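Here's the structure, in C-alpha cells; my notes come after.
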Amino acid sequence: MANLKTTYMGLELKNPIIIGASNLSADPENLRRIEKAGAAAIVYKSLFEEQVQLENLEVSELKTEYEDRNAEMVTLFPGSGSVALSPLEFLMNLKKAKETVSIPVFASLNAINDETWVEYAARIEETGVDGIELNFYSVPEYFDKEGVNIEKHQLRTLLKVKAAVSIPVAVKLSPFYTNALRFISDLDRAGADGVVLFNRLLHPDIDTNTVEHQFPFSLSNSDENRLPMRFAGLLYGNINGSICANSGIFDGNDVIKMILAGAGSVQVVSTLYRNQIEVIGKMVADIEKWMDAGGYENIESFRGKLSRNVTVKKLPYQRAQYIDLMMNASEILNKYRVIN
C-alpha cells in the first residue's frame, strides 16, 4: 500500500491533507470528526487584530467608566456593539483544541501591528500548538503606499515573530505581489518554515436594489486551484521551506495535481462545507488508489514531477502558452459551442 506521509514545516504528517482555518475548527465535535475522517493536521480559526483591539478598548472603558458620569446622562449603559471572541477566550479554546485531537494543530494569526504579531505569537506558543500561520496581505487603500515598503514591513514582521517563538512559522500569502516568487524567496531566506499558496480574500459586492455594499461569503471552486498549482510548480526546488497549496481543492485528484506540481501538502475548507467532513476519507483513499495504480511508493516519488525544474515541457510555465491557445481557438470555441 502507498505511503502518504509527508512533511510540513519540518513536522511529519500522515498524509498531505491539512484542514485550513475556518469556523469548523471552533467546535470540538468537528475537530474529532476531522481527525477520525483522516486529516493529517488542522489550522485553528484565525485570531484577528480587531479582536485584540476590541479587548484593549473594553479594558480602557472599564478603567475609565466612572470618569464622565454626571446628572444629565441619559443612560448608564452605552451600546455594547457586536460580540466577538476575546483573545483570552481564543487562546483558551486553542489550547482545548490542541488537547482534543492527537494530530498536529496550527494557529492562524491575522494581525496588523507588529506589537500584536509578536505578543500573540508568543502567547499562542504557550498553548502548546505545533506551529503558527501568519496571514500576510495588504488591502489597496492608499495611492502613495509603495509595494516595496509593504514587502519590507512584512519581512520585518516575520523576523520579529521568528525571534519571539521557537515553534515553526509559516506564511499564508495573497497572490497580489509584483513578483510573488521573489517575495516568497525573501521570506524563505528570512526563515519562513513554509508558505501557503494562497490566502483567498473576500471582496465586497454591490446590491443594485438597495444601492448598498454587501459582503457575501462564497465558497471556492475547482478552477481556483490553477493559480496555487502554477506557483507550486514554479517554487519546487527553489526554496527550503514547505510548499502548501490552498484554494479550490475538493477531491483526491486535486491533491494529486498539487503534489505533481510541487506542493508537499494542501489545505482544504470549502469541500468540507460542500461535501461534509467525511469527504476527507474519500480523498485519502483516492490518493492511495492512484499511487498504487501508478506504482508510486510514497509522496516524494512523484512530488514535483511536473514542476518547472523537472518537467521537460516548460510551456505551461511560460507566456507562450497563450499563443498555443490562440492557434487552437477554433477547436476551443467548437468545444463550448460558441461557433458551429
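The values are calculated or read from the model by the stated rules, or taken from the named source; none is laboratory data. Keep in mind that this is a model prediction, so the values were computed, not measured. All Cβ positions, glycine included, derive from the backbone under ideal geometry; neighbour counts span all protein chains shown. Only protein heavy atoms, including side chains, enter the accessible area calculation; ligands, DNA and RNA are left aside. Shrake-Rupley method; radii C 1.70, N 1.55, O 1.52, S 1.80 Å.
Can you say whether residue 216 is of a type outside the set (Lys, Arg) and under 23 Å from residue 131 (Cα atoms), as far as the supplied structure shows? Talk me through it step by step, then tell me what you get.
Details: of a type outside the set (Lys, Arg): yes; under 23 Å from residue 131 (Cα atoms): no.
So residue 216 fails the test.
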**Request:** Could you list, in sequence order, all residues of segment 129-163 that are farther than 15 Å from residue 113 by Cα and either at pLDDT 95 or above or in contact with a Gly (Cβ under 9 Å, 6 or more places away or on another chain) (or both)?
**Result:** 129, 130, 131, 132, 133, 162, 163
**Message:** For segment 23-45, give me each residue that is outside any strand (DSSP E or B) and within 17 Å of residue 132 (Cβ to Cβ).
**Reply:** 25, 44, 45
**Request:** Pull up segment 21-33, narrow it to residues that are out of contact with any helix residue (DSSP H, G or I) (no Cβ under 7 Å at 6 or more places or on another chain) and modelled with pLDDT of 95 or more, then point me to the one that is nearest to residue 266 (Cα to Cα).
**Result:** 33
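Taking segment 1-20, which residues are open to solvent by 30 Å² or more (accessible area, probe 1.4 Å) and either closer than 20 Å to residue 100 by Cβ or in contact with a Pro (Cβ under 7 Å, 6 or more places away or on another chain) (or both)? First the steps, then the outcome.
First, the residues of segment 1-20 that are open to solvent by 30 Å² or more (accessible area, probe 1.4 Å): 1, 3, 5, 7, 10-12, 14.
Correct list: 10, 11, 14.
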**Prompt:** Hey, among 269, 255, which residue is in contact with an Asp or Glu (Cβ under 9 Å, 6 or more places away or on another chain) and either charged (D, E, K, R) or closer than 14 Å to residue 283 by Cβ (or both)?
**Reply:** 255
**Request:** Can you confirm whether segment 5-18 contains a residue that is among the small types (Gly, Ala, Ser) and either over 18 Å from residue 219 (Cβ atoms) or touching a helix residue (DSSP H, G or I) at 6+ places or on another chain (Cβ under 6 Å) (or both)?
**Result:** yes
**Request:** Considering every residue within segment 167-180, establish whether at least one is of a type in the set (Lys, Arg), at pLDDT 95 or above and more than 20 Å from residue 8 (Cα to Cα).
**Result:** no
**Message:** For segment 197-283, give me every one of the strands (runs of 3 or more DSSP E) that falls completely inside it and has 2 or more residues that are closer than 23 Å to residue 4 by Cβ, aliphatic (A, V, I, L, M) and touching a residue at least 60 places away in the same chain (Cβ under 8 Å).
**Reply:** 265-268
**Message:** Being in contact with a Lys or Arg (Cβ under 8 Å, 6 or more places away or on another chain) and closer than 16 Å to residue 16 by Cβ: is that true of residue 299 here?
**Reply:** yes
**Asked** Out of segment 181-193, which residues are surrounded by fewer than 18 Cβ atoms within 10 Å (Cβ to Cβ) and either at pLDDT below 95 or of a type in the set (A, V, I, L, M) (or both)?
**Response** 181, 190
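Here is a list: 171, 139, 165, 196. Which entry is open to solvent by 70 Å² or more (accessible area, probe 1.4 Å) and β-branched (Val, Ile, Thr)?
Values: 171 fails: open to solvent by 70 Å² or more (accessible area, probe 1.4 Å); 165 fails: open to solvent by 70 Å² or more (accessible area, probe 1.4 Å); 196 fails: open to solvent by 70 Å² or more (accessible area, probe 1.4 Å).
Result of the check over 171, 139, 165, 196: 139.
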**Fill in**
Per the list (1) farther than 26 Å from residue 92 by Cβ; (2) under 18 Å from the mean Cα position of the chain (by Cα), residue check on residue 141 breaks on (2)
